[in-house]
1. Where in segment 1-74 are there strands (runs of 3 or more DSSP E), lying wholly inside it, with at least 2 residues that are at pLDDT 95 or above and under 10 Å from the mean Cα position of the chain (by Cα)?
2. So, LEU205, is that one in contact with a strand residue (DSSP E or B) (Cβ under 8 Å, 6 or more places away or on another chain), of a type outside the set (Phe, Trp, Tyr) and within 18 Å of VAL65 (Cβ to Cβ) or not?
3. So ASP206 clears everything in (1) under 23 Å from GLY104 (Cα atoms); (2) modelled with pLDDT of 95 or more except one condition, right? Which one?
4. Does THR107 count as over 22 Å from ILE202 (Cβ atoms), surrounded by fewer than 20 Cβ atoms within 10 Å (Cβ to Cβ) and within 16 Å of the ligand (Cβ to nearest atom)?
5. Does PHE23 fit the bill of being free of Cβ contacts under 8 Å to residues at least 12 places away in the same chain and under 21 Å from ASP176 (Cα atoms)?
6. Among the residues of segment 25-35, is there at least one that is crowded, with 22+ Cβ neighbours inside 10 Å, more than 23 Å from ILE142 (Cα to Cα), of a type outside the set (A, V, I, L, M, F, W, C) and touching a strand residue (DSSP E or B) at 6+ places or on another chain (Cβ under 7 Å)?
7. What number of residues within segment 68-82 satisfy the criterion of being over 12 Å from LEU132 (Cβ atoms) and crowded, with 24+ Cβ neighbours inside 10 Å?
8. Restricting to segment 154-194, and then to whatever is in a helix (DSSP H, G or I) and closer than 13 Å to TYR230 by Cα, can you tell me which residue is nearest to the ligand (Cβ to nearest atom)?
Amino acid sequence: MPYKKFVISDRVTLIQETGVANFMRCNIWHVKGRDFDLVIDTGMGLDPLKQWITQHRAKPIKAIVTHCHFDHSGCLHEFDVRMGHPLEADILANPTNARVVYDGVWTKIGIVDLTQHPDYSAETYSIKAAALTDYIDEGDVIDLGDRAYQVLHLPGHSPGSIGLWDIKDKTLFSGDALYDGELLDSLYHSNITDYLQTLERIESLDVDVFHAGHFPSFNAKRMQTLINNYRNGVNRLGDIELWFNGNKDRMTNIFADQNWKGAAK
Ligand SMILES: [Zn+2]
């Protein structure tokens, strides 16, 4: 099975790639709508995603990337409708491994289980170009007919990071703007000032449930702890190679199915 699914509610299903290290495995959110479905983020692209979803359900799908990084944008090219923020449109249309942050330590350590993905190789891995068909930005509303999602621009981790805010269910699909693990603000296009502003913004929303880009979903209390810790320098990933070398004890059984908790205190 290339993917596993976890039914969260009548509307929301979590899909995860199998055989990807649990600290790298992106949460792919399938949101069912009356007129069309949303797929929020698309994984590393190791196996076809659209075909896997549509064999279970025949609704038109609009795919959204919360940002351009390789662990979120790998299968975007498969979808006819590809939505994302204009600030990352050029990267998605003309991706290189460096631009989608597949470089450095990620290429040196085994983030993919070769017994499940024998064709994967760090030397040949790349992201297929996926020009956006629709730009989405702050203030846009994506209306599925029976539920609408407000687009929030949440820069910091990357310049065009977006979130999707379901004000009725008080649910925020937060991408990598906030997840239950050490936040990554040291990438080539990260911006710490923007990140701090984004976290302040997230705090000001009345969110009950966070469905994030990685790791398990969490509540408002956990959100506050994560943000406070980031501000205090605790919940910050920093230099990726240093982080990896300092966390070798956590790198056992990394392909296990269960969600892996970051070291967030
Ligand atoms: Zn990212």
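The values are calculated or read from the model by the stated rules, or taken from the named source; none is laboratory data. Keep in mind the model is a prediction, meaning the values are calculated, not measured. Glycine gets a Cβ as well: all are built from the backbone with ideal geometry, and neighbour counts include every protein chain shown.
1. On the way: elements: 3-7, 12-17, 28-31, 37-40, 61-64.
The qualifying strands (runs of 3 or more DSSP E) are 28-31.
2. Values: in contact with a strand residue (DSSP E or B) (Cβ under 8 Å, 6 or more places away or on another chain): yes; of a type outside the set (Phe, Trp, Tyr): yes; within 18 Å of VAL65 (Cβ to Cβ): no.
In short, no.
3. Here ASP206 meets the rest and fails (1).
4. On the way: over 22 Å from ILE202 (Cβ atoms): yes; surrounded by fewer than 20 Cβ atoms within 10 Å (Cβ to Cβ): yes; within 16 Å of the ligand (Cβ to nearest atom): yes.
Spelling it out, THR107 is indeed over 22 Å from ILE202 (Cβ atoms), surrounded by fewer than 20 Cβ atoms within 10 Å (Cβ to Cβ) and within 16 Å of the ligand (Cβ to nearest atom).
5. Details: free of Cβ contacts under 8 Å to residues at least 12 places away in the same chain: no; under 21 Å from ASP176 (Cα atoms): yes.
Criteria not met by PHE23.
6. Yes - at least one qualifying residue is present in segment 25-35.
7. Counting residues in segment 68-82 that are over 12 Å from LEU132 (Cβ atoms) and crowded, with 24+ Cβ neighbours inside 10 Å gives 5.
8. The initial filter retains those residues of segment 154-194 that are in a helix (DSSP H, G or I), namely 192-194.
Now narrow it down to the ones that are closer than 13 Å to TYR230 by Cα: 192-193.
Numbers: ILE192: 15, THR193: 18 Å.
Looking at residues that are in a helix (DSSP H, G or I) and closer than 13 Å to TYR230 by Cα, I get ILE192.
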